[in-house]
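S.K.: Quick one: the structure is below, and I'll ask about it shortly.
The values are calculated or read from the model by the stated rules, or taken from the named source; none is laboratory data. These numbers were taken from a predicted model, which means no experiment stands behind them. All Cβ positions, even for glycine, are placed from backbone atoms using ideal geometry, and neighbour counts span all protein chains on display. Please note that ligands, DNA and RNA were not included when accessible areas were found on the heavy atoms of the full protein model with its side chains. Shrake-Rupley method; radii C 1.70, N 1.55, O 1.52, S 1.80 Å.
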Amino acid sequence: MSIDVHNETDHRVDVRELVALAEFVYAAMRVHRGADLAITLVDEPAMERLHVQWMDLEGPTDVMSFPMDELRPGRDGERLQEGVLGDIVLCPSVAHRQAAGAGHSFEEELLLLTTHGILHLLGYDHAEPEEEREMFDLQRTLLLTFLAGRGRPQG
């Protein structure tokens, strides 16, 4: 399995924690252990350029996902697909502001955004209310289970 994290910012980030979370989500969602994932942390100008280029929206955002091989979660009795899951781009400075507003740590916000990004790569979306409920419930369950297993406080 190849989960690569590239921090192109000055923010201190626990790369091992992001990799551990991705491995946990892979296992929980039955993603093939060989599926490649790249997580890149960028500054606000870089994120804004991506946001404009791919979404035609001004300003930086917190997370963007770029699926590659359209892998989906595994199901019972089904052979898991190998391939490239895709890329997640995170903007730590936006995440830092959101964490302060939400009343939890910067680290927890990055973990939340990483989980969110992986779910997008697996085909989940939140454009419709039912989709949003499903995705956000799953995101919350995955993150809280991961944090509980790591012995970290949950906020």
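S.K.: Identify the single condition in (1) part of a helix (DSSP H, G or I); (2) within 15 Å of the chain's Cα centre (by Cα); (3) of a type in the set (Gly, Ala, Ser) that residue 123 does not satisfy, given that it satisfies every other one.
M.R.: Status for residue 123: all satisfied but (1).
S.K.: Residue 67 passes all but one of (1) at pLDDT 95 or above; (2) in contact with a helix residue (DSSP H, G or I) (Cβ under 6 Å, 6 or more places away or on another chain); (3) closer than 18 Å to residue 2 by Cα; which number fails?
M.R.: The number of the failed condition is (1).
S.K.: Take the residues in segment 28-57 that are without any contact (Cβ under 8 Å) to a residue 24 or more places away in the chain and farther than 17 Å from residue 113 by Cα, then tell me which one is least open to solvent (accessible area, probe 1.4 Å). Don't jump to the end; show me each part of the working.
M.R.: The first filter runs over segment 28-57 and keeps only residues without any contact (Cβ under 8 Å) to a residue 24 or more places away in the chain, leaving 45, 48-49, 51-57.
When the remaining residues are screened for being farther than 17 Å from residue 113 by Cα, the result is 45, 49, 52-57.
Values: 45: 72, 49: 149, 52: 52, 53: 125, 54: 145, 55: 110, 56: 128, 57: 83 Å².
If we take residues in segment 28-57 being without any contact (Cβ under 8 Å) to a residue 24 or more places away in the chain and farther than 17 Å from residue 113 by Cα, then 52 is least open to solvent (accessible area, probe 1.4 Å).
S.K.: Being open to solvent by 40 Å² or more (accessible area, probe 1.4 Å), touching a residue at least 60 places away in the same chain (Cβ under 8 Å) and within 25 Å of residue 145 (Cα to Cα) is the requirement here; does residue 120 meet it?
M.R.: The answer is no for residue 120.
S.K.: Out of (1) under 13 Å from the mean Cα position of the chain (by Cα); (2) open to solvent by 60 Å² or more (accessible area, probe 1.4 Å); (3) under 21 Å from residue 126 (Cβ atoms), the odd one out for residue 23 is which?
M.R.: Tallying (1) under 13 Å from the mean Cα position of the chain (by Cα); (2) open to solvent by 60 Å² or more (accessible area, probe 1.4 Å); (3) under 21 Å from residue 126 (Cβ atoms), residue 23 fails exactly one: (3).
S.K.: Filter segment 1-18 for residues that are more than 15 Å from residue 92 (Cα to Cα), open to solvent by 30 Å² or more (accessible area, probe 1.4 Å) and either at pLDDT 95 or above or within 14 Å of the chain's Cα centre (by Cα) (or both) and give the result.
M.R.: Matches in segment 1-18: 4, 16.
S.K.: Something else now. Pick from 123, 117: which is out of contact with any helix residue (DSSP H, G or I) (no Cβ under 9 Å at 6 or more places or on another chain) and at pLDDT below 95?
M.R.: Working: 117 fails: at pLDDT below 95.
Only one candidate qualifies: 123.
S.K.: Now a separate question. Taking residue 88, is it surrounded by 16 or more Cβ atoms within 10 Å (Cβ to Cβ) and not in a helix (DSSP H, G or I)? Write out each step before concluding.
M.R.: Values: surrounded by 16 or more Cβ atoms within 10 Å (Cβ to Cβ): yes; not in a helix (DSSP H, G or I): yes.
Criteria met by residue 88.
S.K.: While we're here: So which pairs qualify, if the first residue must be in segment 131-150 and under 14 Å from residue 26 (Cβ atoms), the second must be surrounded by 12 or more Cβ atoms within 10 Å (Cβ to Cβ) and of a type in the set (Val, Ile, Thr), the Cβ gap must be under 8 Å, and the two must be at least 6 apart or on different chains?
M.R.: Once the first residue is under 14 Å from residue 26 (Cβ atoms) and sits in segment 131-150, its partners that are surrounded by 12 or more Cβ atoms within 10 Å (Cβ to Cβ) and of a type in the set (Val, Ile, Thr) give 142/25; 142/115; 146/25; 146/115.
S.K.: Let me ask you something else. Restricting attention to segment 100-107, does a residue exist that is closer than 19 Å to residue 7 by Cα and either part of a helix (DSSP H, G or I) or touching a Phe, Trp or Tyr at 6+ places or on another chain (Cβ under 8 Å) (or both)?
M.R.: Kept after step one, since they are closer than 19 Å to residue 7 by Cα, are these residues of segment 100-107: 105-107.
Retained after the next criterion (residues that are either part of a helix (DSSP H, G or I) or touching a Phe, Trp or Tyr at 6+ places or on another chain (Cβ under 8 Å) (or both)): 106-107.
Yes, that holds for at least one residue.
S.K.: For segment 28-40, how many residues meet the condition of being modelled with pLDDT under 95 and more than 18 Å from residue 123 (Cβ to Cβ)?
M.R.: 2
S.K.: Would you mind stating whether residue 75 is among the basic types (Lys, Arg) and either part of a helix (DSSP H, G or I) or over 19 Å from residue 135 (Cβ atoms) (or both)? Show your work before the answer.
M.R.: Details: among the basic types (Lys, Arg): yes; either part of a helix (DSSP H, G or I) or over 19 Å from residue 135 (Cβ atoms) (or both): no.
For residue 75, the condition - among the basic types (Lys, Arg) and either part of a helix (DSSP H, G or I) or over 19 Å from residue 135 (Cβ atoms) (or both) - is not met.
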